[in-house]
Amino acid sequence: MRTTLFAVAALLVVASAYPRGPDGRLLIVDDDHSFRAPARALNTLANHGYLPRDGKNITKMDIITGLFQGFNVGRDIGLILANVVFKKYGTNTVSLLDLQKHNMIEHDASMTRNDNALGDSTLVNATLLQGLFDSSSDKKVITWKDMVAYRRIRHADSKLRNPNFVWTEDQKKSASGEVTIFQLVFGEWSTGVALDVAKSIFKFEKLPLGWKPHAGTVLAIDVLPRQAMVALLMDSK
Ligand SMILES: *[C@@H]1O[C@H](CO)[C@@H](O)[C@H](O)[C@H]1NC(C)=O
Ligand SMILES: *[C@@H]1O[C@H](CO)[C@@H](O)[C@H](O)[C@H]1NC(C)=O
């Protein structure tokens, strides 16, 4: 009995040596970033174990389940997103690294990464990231309007400087979807996302301590009309 208790205590000590996410899942950040995506939210899911931690061999069901369990994103919108990915790649599994392939899911005029033709498009560019945080009008929250304004700056910059700038309906859908889902998952549409929450995701790819997904599932009916509005407003003319 004593031995058993000792073994259990030792296990607990070992386990608590690793930081844990809000729901008790181990938080292990893949430091070499070898199998991570351009999408910070997907990397966050992998870091918390809602997607395969090594970022490899991800199925359609993994994406749908991971988004639902980690972010309370409905399976309806999860299916739409997963279909976009797997239709493009034409495979049964993808790695997060595969998503870095330019003009598949990865796109120009990102809020946080260089255009592929202008530099490394896989890692976060610290200047651009700071620009995103600075776009917060009140320095407390980042709203969808702040993000739309920053997207317009990024779009204008790509148009000006990137001779290979690609901006079709696909890129527009991705970019507007990112803004919309980010706002709905990590904040409130009417008030925005707390800046420290945005930093946790974009900079550290971790869920903030104590963060819990919304009680209400984010459904396609929440996302699609707002995404369409963001898409209309986000490009510089
Ligand atoms: C698993 O993922 C790795 C990295 O993308 C790939 O090389 C390997 O072929 C995949 N394995 C299977 C069974 O799909
Ligand atoms: C980061 O982005 C800025 C603004 O586009 C650019 O001037 C700078 O060269 C980029 N830095 C790196 C390391 O790519």
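The values are calculated or read from the model by the stated rules, or taken from the named source; none is laboratory data. Every value quoted in this text rests on a predicted model; they were computed, and no experiment measured them. In this analysis, Cβ positions are derived from the backbone assuming ideal geometry, glycine residues included, and neighbour counts consider all displayed protein chains.
Assess whether residue 99 counts as being in contact with a Ser or Thr (Cβ under 7 Å, 6 or more places away or on another chain), in a helix (DSSP H, G or I) and either over 22 Å from residue 218 (Cα atoms) or of a type in the set (D, E, K, R) (or both). Full working, then the answer.
Values: in contact with a Ser or Thr (Cβ under 7 Å, 6 or more places away or on another chain): no; in a helix (DSSP H, G or I): yes; either over 22 Å from residue 218 (Cα atoms) or of a type in the set (D, E, K, R) (or both): yes.
So residue 99 does not fit the description; no.
Among the residues of the range 154-170, is any within 17 Å of residue 67 (Cα to Cα) and more than 18 Å from the chain's Cα centre (by Cα)? Give the derivation first.
Our first condition is that a residue be within 17 Å of residue 67 (Cα to Cα); within the range 154-170, this holds for none.
No, every residue in the range 154-170 fails to be within 17 Å of residue 67 (Cα to Cα) and more than 18 Å from the chain's Cα centre (by Cα).
Does residue 191 meet the test of being more than 16 Å from ligand 2 (Cβ to nearest atom), modelled with pLDDT of 95 or more and out of contact with any strand residue (DSSP E or B) (no Cβ under 9 Å at 6 or more places or on another chain)?
On the way: more than 16 Å from ligand 2 (Cβ to nearest atom): yes; modelled with pLDDT of 95 or more: yes; out of contact with any strand residue (DSSP E or B) (no Cβ under 9 Å at 6 or more places or on another chain): no.
No; evaluated as a whole, the condition is false for this residue.
Does any residue of the range 144-164 turn out to be farther than 30 Å from residue 118 by Cβ and among the aliphatic types (A, V, I, L, M)?
So in the range 144-164, the residues farther than 30 Å from residue 118 by Cβ come out as none.
No, there is no match, as no residue in the range 144-164 is farther than 30 Å from residue 118 by Cβ and among the aliphatic types (A, V, I, L, M).
Report yes if some residue within the range 205-217 is in a helix (DSSP H, G or I) and closer than 21 Å to residue 84 by Cα; otherwise report no. Give the steps one after another, and end with the answer.
Residues of the range 205-217 that are in a helix (DSSP H, G or I), as a first pass: none.
No; the residues of the range 205-217 include none that is in a helix (DSSP H, G or I) and closer than 21 Å to residue 84 by Cα.
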Within the range 104-142, of all residues that are polar (S, T, N, Q), part of a loop (DSSP other than H, G, I, E, B) and over 16 Å from the mean Cα position of the chain (by Cα), the one nearest to ligand 1 (Cβ to nearest atom) is 114
All conditions in (1) surrounded by fewer than 20 Cβ atoms within 10 Å (Cβ to Cβ); (2) in a loop (DSSP other than H, G, I, E, B); (3) in contact with a Pro (Cβ under 8 Å, 6 or more places away or on another chain) are true of residue 197 except (2)
Checked pairs for the range 158-169, first part of a loop (DSSP other than H, G, I, E, B), second among the polar types (S, T, N, Q), C-beta under 7 Å and 6 or more apart or across chains, list as 165/158; 166/103
Out of (1) over 26 Å from residue 96 (Cα atoms); (2) surrounded by fewer than 18 Cβ atoms within 10 Å (Cβ to Cβ), the one residue 208 does not meet is (1)
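Condition check: surrounded by fewer than 16 Cβ atoms within 10 Å (Cβ to Cβ) and at pLDDT 95 or above. Does residue 112 satisfy that?
Details: surrounded by fewer than 16 Cβ atoms within 10 Å (Cβ to Cβ): no; at pLDDT 95 or above: yes.
When the stated conditions are applied, residue 112 does not pass them.
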